[in-house]
Amino acid sequence: MKSILYFILTKSIGLFINILQWFTPQTAAKIAYNFFSQPRVQRLSSTDLPPILQKAQKQLFDFENHKVQTYIWKGSEQTVLLIHGWESNAARWENMVHLLQKHHKNIIAIDAPAHGLSSGKSFDIHTYGKFITFISEKFQPEFIIAHSLGGASAVYAQAIFPSKYLQKMVLIAAPSDQKVLFENYVKLLSLSASVFTGIDTYFQELFGYSLDAFSGRNFAKKITIPTLIIHDHTDTSVLYEESQKIFSNLPKATMHSTNALDHSMQNDDLNTLIFRFLFK
């Protein structure tokens with residue numbers, strides 16, 4: 001029943017935007033983009049945080065027009081920055097935090113724009129990349145571990161605003177092409193080709209890139225640090241080929257493939273592999 005209702009809702013929204021396109025194409029494109037960019041999961045509550053986040057030191061930073069929520073598990077060794085993905089929050093790193101704490105690492109995690117306890121109503125890779133850069137300048141992490149759209153944002157950040165402190169990076173199930181994400185969205189809502197063109201134009205106005213140019217495989221060419229790329233063959237949220245696009249253009253990349261871990265990639269053996277890549 002839920003799937004039927006979801007189908008009706010998405011197609012109804014798409015129909016509305018397609019009709020609006022005939023009268024005010026710029027408004028239609030803006031509505032379509034904004035709907036794409038708004039997470040649809042419940043935000044965290046500061047009074048009812050997951051236990052792993054309750055144990056962290058919390059700092060809220062003002063950055064441009066945003067508030068960036070950070071979580072800190074202090075350690076005496078190197079600093080690791082953890083970057084979560086779409087419709088998630090810093091608590092997704094619970095198992096990784098436990099592993100890093102055993103080895104006395106200094107751990108920083110953040111909530112993305114419009115996620116967790118950070119401010120905002122919409123998400124985009126450009127803003128998340130700026131969050132990562134801002135936090136990197138404050139805490140100077142030597143290592144980044146990033147999942148899904150967090151990985152895409154980390155690639156963008158390191159390409160456009162490279163950190164002089166970063167030594168290695170791990171990308172887990174990261175998408176490459178912004179255009180592919182929007183093509184999937186257009187199919188989901190059955191949006192017209194004219195609406196897609198309008199979204200592309202609006203995207204360029206916002207960020208100075210076309211959808212085709214805003215791509216991890218393009219940004220990867222500028223990254224020179226060793227990077228471990230991990231993706232599961234059964235991932236249906238972000239296809240395996242997306243990571244391959246980044247891998248093929250990243251000069252110092254290592255690719256590791258998994259099976260049956262889907263998109264979440266929560267696995268103790270995988271966490272151990274990541275730890276060894278970073279510190280051995």
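For (1) surrounded by 15 or more Cβ atoms within 10 Å (Cβ to Cβ); (2) of a type outside the set (D, E, K, R), each residue gets a yes or a no:
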{"site": "Lys187", "(1), (2)": "no, no"}
{"site": "Gln204", "(1), (2)": "no, yes"}
{"site": "Ser215", "(1), (2)": "yes, yes"}
{"site": "Ile223", "(1), (2)": "yes, yes"}
{"site": "Leu250", "(1), (2)": "yes, yes"}
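Does Lys130 qualify as being of a type outside the set (Ser, Thr, Tyr), farther than 23 Å from Lys55 by Cβ and either touching a residue at least 60 places away in the same chain (Cβ under 8 Å) or in a helix (DSSP H, G or I) (or both)?
Yes; evaluated as a whole, the condition is true for this residue.
Just to check your reading of the model, which residue among Ser119, Ser163 is in a loop (DSSP other than H, G, I, E, B), among the small types (Gly, Ala, Ser) and without any contact (Cβ under 8 Å) to a residue 40 or more places away in the chain?
Every option except Ser163 fails the conditions.
In this structure, does Ala112 turn out to be in contact with a Pro (Cβ under 7 Å, 6 or more places away or on another chain) and either within 20 Å of Asp177 (Cβ to Cβ) or of a type in the set (S, T, N, Q) (or both)?
Judged against the criteria, Ala112 is not a match.
Is it the case that some residue within the stretch 98-110 is within 21 Å of Gln140 (Cα to Cα), among the polar types (S, T, N, Q) and surrounded by fewer than 23 Cβ atoms within 10 Å (Cβ to Cβ)?
yes
Kindly list the number of the only condition in (1) in contact with a helix residue (DSSP H, G or I) (Cβ under 6 Å, 6 or more places away or on another chain); (2) surrounded by 24 or more Cβ atoms within 10 Å (Cβ to Cβ); (3) over 17 Å from Gly216 (Cβ atoms) that fails for Ser176.
(3)
Of the residues in the stretch 132-186, how many are more than 13 Å from the chain's Cα centre (by Cα), among the hydrophobic types (A, V, I, L, M, F, W, C) and over 30 Å from Gln21 (Cβ atoms)?
Total meeting the criteria: 9.
Could you please let me know if Val80 is surrounded by fewer than 20 Cβ atoms within 10 Å (Cβ to Cβ) and within 25 Å of Pro175 (Cα to Cα)?
No.
So for the stretch 120-129 (the condition being over 27 Å from Glu183 (Cβ atoms) and either surrounded by fewer than 21 Cβ atoms within 10 Å (Cβ to Cβ) or within 15 Å of the chain's Cα centre (by Cα) (or both)), does at least one residue qualify?
no
Restricting attention to the stretch 73-81, does a residue exist that is of a type outside the set (Val, Ile, Thr) and under 18 Å from Gln178 (Cβ atoms)?
No: the stretch 73-81 contains no residue that is of a type outside the set (Val, Ile, Thr) and under 18 Å from Gln178 (Cβ atoms).
Laboratory data are not the source of any read-out in this text; all were calculated from the coordinates shown. Quick caveat: nothing in here was measured; it's all calculated off a predicted structure. Note: ideal-geometry Cβ built from the backbone for every residue, glycine included; neighbour counts use all protein chains shown.
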